[in-house]
1. Applying the selection to the range 369-402, what residues are of a type in the set (Asp, Glu) and modelled with pLDDT of 85 or more?
2. Hey, can you tell me all the residues within the range 288-312 that are surrounded by fewer than 13 Cβ atoms within 10 Å (Cβ to Cβ) and within 17 Å of Phe208 (Cβ to Cβ)?
3. Of the numbered conditions (1) polar (S, T, N, Q); (2) open to solvent by 80 Å² or more (accessible area, probe 1.4 Å); (3) within 28 Å of Gly243 (Cβ to Cβ); (4) free of Cβ contacts under 8 Å to residues at least 40 places away in the same chain, Asn279 satisfies every one except a single condition; which is it?
4. Going through the range 139-172 one residue at a time, which ones are under 13 Å from Arg120 (Cα atoms) and touching a residue at least 40 places away in the same chain (Cβ under 8 Å)?
5. Filter the range 360-379 for residues that are open to solvent by 70 Å² or more (accessible area, probe 1.4 Å) and not basic (Lys, Arg) and give the result.
6. Could you tell me which of the residues Thr237, Thr209, Thr195 is in a strand (DSSP E or B) and touching a helix residue (DSSP H, G or I) at 6+ places or on another chain (Cβ under 6 Å)?
7. State which residue is least open to solvent (accessible area, probe 1.4 Å) when the search covers only the range 251-276 and only residues that are among the acidic types (Asp, Glu) and more than 25 Å from the chain's Cα centre (by Cα).
8. Consider Arg58 against the criteria (1) modelled with pLDDT of 75 or more; (2) closer than 21 Å to Ala102 by Cα: it satisfies all of them except one. Which criterion is unmet?
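The values are calculated or read from the model by the stated rules, or taken from the named source; none is laboratory data. Keep in mind it's a predicted model, so treat the numbers as computed, not measured. Ideal geometry is used to build each Cβ from the backbone, glycine not excepted, and the neighbour counts take in all protein chains shown. Only protein heavy atoms, including side chains, enter the accessible area calculation; ligands, DNA and RNA are left aside. Shrake-Rupley method; radii C 1.70, N 1.55, O 1.52, S 1.80 Å.
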Amino acid sequence: MSKSRKDSKGRILRKGEGQRKDKRYIYQYTDPNRKRHVLYANDLPELRAKEDELERERLEGIKGYARGKMTLNQLVERYLATKYDLKISTRLRYERTYEAYAMDNIGKRLINDIKYSDIRFFYYTLLRERNIKIGTVDSIHSVLHPAFQMAVRDDLIRNNPTDGVMAEVRKKHGNDAVVRHPLTIEQQRAFLSFTEKSYTWKRWMPLFTFLFGTGCRIGEALGLRWEDLDFENKTITIIHSLGYVQHNGSREVFLSSPKTEAGKRTIPMVDAVEKMLKNERLKQQQNNITSCTIDGFSGFVFVDKNGKISCYQDINKAIKRISKAYNAYETVRAEQEERAAVLLPYFTCHYIRHTFCTRLCEHETNLKLIQSIMGHTSIKTTMDIYAETTEKKKQETFETLQNNNVFF
């Protein structure tokens, strides 16, 4: 952890504050349009008073808000400032996505001048010219719509220009959404067996065993600490999730609560997962591996030989490379053995979670139990996967009956 900066009198300086060689104090900040500004003061109390005044202007919108002479950038900044209850992961995602796609174009326009057609054109430009996914457009909309709605309620504008735009975009681009299909049992076993036997990829085996054996989100798995495990009662408690945000070429790592309140849960520890975890703990002890510290927390389970945690993008890349290597090997072997090859489709960490839930639905009918284990906020999410699974089972059952000449 970095040490706090102090002035010549030993007082701790806040973020953005500094003291020059001539002993004058400065405060540097960036406005909603990303312009840099500096406040100057002869002493720290005077500087803090100027900072407080700046914060009051920002929150109360003294400059222009009452007259509606405000840019979209300023409106979004004001809206996010009122959302004190946002999770850090959600706030960072909103801020980074908005900054990347809206701040330097439509964000500079006055809110009074932005119409429905402007928002529609902006969204379609992102989809067609910048080739971003509809999910990213939806994230931008999740910021713009409530921000404009706040302006409507404050009587700054009559109508919300974002109303109905996203529904129209989804209607025309809904087919762009990726449909997740679970791995079959045969594919799942093939992937794990190939990984375990590979000298190159074997190091990922503990994490994959955990994901396939618990159905946890990747952030929940990476945020798991040894103190979250109860080997006596064979349970795993999920209370943290590790998140990443890319910004200016660097990666910000943070630890937060799970994606939803339902994500905080305790799940059983199956034998294969228990064996893997005990072996991993022993290996770390024997090799004196010390976990990194994130937001004051340490003792993370899934770390490399240097005690660092991999990001989910690296894990998804590893899955892709393992699948490619396996498919090449399996294709040749199947030809030699004159049989159909068992090939792996494209999948990511989240597909593994979907696969686990499917296996659960194949052997369990209690939807509330499945919902609890998966940490789904809405029972509808659980029901959708259950319905997909039972529909497939129904077809398989009828094929079996037909092959056995049950009907005729």
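1. none
2. Correct list: Asp304 only.
3. The single condition Asn279 does not satisfy is (4).
4. Within the range 139-172, Ile140, Leu144, Pro161, Thr162, Asp163, Gly164, Val165, Met166, Glu168, Val169 meet the criteria.
5. His363, Thr365, Asn366, Leu369, Thr377
6. It is Thr237.
7. Glu274
8. Checking Arg58 against (1) modelled with pLDDT of 75 or more; (2) closer than 21 Å to Ala102 by Cα, the one that fails is (1).
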